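The values are calculated or read from the model by the stated rules, or taken from the named source; none is laboratory data. If you're wondering where the values come from, they're calculated on a predicted model, not measured in any experiment. Quick reminder, even Gly has a Cβ in these numbers, built from the backbone with ideal geometry, and neighbours come from all protein chains shown.
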Amino acid sequence: MKTYHLKTPLSQEDVEKLEIGDVVYLTGEAFTCRSRLHRWVLDENHPLPDAGKQRDLLIHVGPIVLPEPDGKWRLISFMPTSSIRFEKWGARAVDEWGLRMIVGKTTMGEETMAMMREKKCVHVSPQCVSPNSWIQHIEIEKVDLFRELGTIEATWSLKIDELGPFVVDIDCRGNNLYKNHEAEVDANREKALADLGIDADFEYTKLY
């Protein structure tokens with residue numbers, strides 16, 4: 001396992017050197033996206049905001065943001081959401097939006113992973129739960145589609161400084177950290193059941 005401090009825009013070389021289990025900290029520009037922006041652009045054929053066209057780092061997050069009297073925005077809380085929720089659009093987003101990295105919890109599916117292999121893109125997950133400690137590493141530059149999509153689903157343009165740590169869970173060669181863990185857990189479970197003399201098809205006791 002290695003630790004990398006990467007800056008955007010990310011190059012193909014940046015993502016190709018990453019392997020599952022590596023830790024990354026991110027500096028530069030990023031943009032946010034949840035379900036509504038995916039539908040807005042990929043299902044309803046609206047143009048992608050300039051924030052997405054100019055940035056190759058996408059964060060699956062709906063930040064909590066409040067307006068300030070001077071017209072600026074104040075970030076209250078920031079915690080990436082589960083990326084598997086967006087698998088329907090994942091492959092197209094990687095391809096059409098020119099993504100090099102996606103930040104989000106959990107994992108993504110086979111179609112998105114295949115596109116990541118083709119386009120050289122990786123997925124990283126938070127290594128810890130720290131929504132408020134991250135605030136000092138994030139500056140909001142602007143917001144797009146605020147009226148159309150609302151504060152949580154709007155596209156926020158961010159400037160980040162040593163944001164992390166994140167762990168690489170999908171690399172651009174098709175390796176998936178979660179699938180590896182699942183295989184290890186299944187093998188350990190089978191061994192534990194065998195050692196205890198418990199049938200593999202047992203059911204938990206139903207109390208009600």
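With the structure loaded, tell me whether residue 99 is assigned to a loop (DSSP other than H, G, I, E, B) and under 19 Å from residue 117 (Cα atoms) or whether it fails that test. In short, yes. On inspection, residue 52 qualifies as touching a Phe, Trp or Tyr at 6+ places or on another chain (Cβ under 6 Å) and of a type in the set (Gly, Ala, Ser). Taking residues in segment 66-87 that are assigned to a helix (DSSP H, G or I), and partners anywhere that are exposed (fewer than 13 other Cβ atoms within 10 Å of the Cβ) and not β-branched (Val, Ile, Thr), the pairs with Cβ atoms closer than 9 Å and at least 6 places apart or on different chains are 87/110. Assess whether residue 137 counts as being in contact with a Cys (Cβ under 8 Å, 6 or more places away or on another chain) and either closer than 24 Å to residue 10 by Cα or surrounded by 19 or more Cβ atoms within 10 Å (Cβ to Cβ) (or both). No. Looking only at segment 155-166, which residues are modelled with pLDDT under 95 and surrounded by fewer than 20 Cβ atoms within 10 Å (Cβ to Cβ)? Passing the criteria: only 165.
Looking across segment 180-205, the residues that are among the charged types (D, E, K, R) and at pLDDT 75 or above come down to 199, 201.
In this structure, does residue 152 turn out to be closer than 29 Å to residue 47 by Cβ, touching a Leu at 6+ places or on another chain (Cβ under 9 Å), surrounded by fewer than 20 Cβ atoms within 10 Å (Cβ to Cβ) and in contact (Cβ under 8 Å) with a residue 12 or more places away in the chain? Criteria not met by residue 152. Of the residues making up segment 18-65, just one is buried (at least 18 other Cβ atoms within 10 Å of the Cβ), assigned to a strand (DSSP E or B) and aromatic (Phe, Trp, Tyr), namely 31. Applying the condition of being of a type in the set (S, T, N, Q) and surrounded by fewer than 18 Cβ atoms within 10 Å (Cβ to Cβ) to segment 95-134 and asking which residue is nearest to the chain's Cα centre (by Cα) yields 106.
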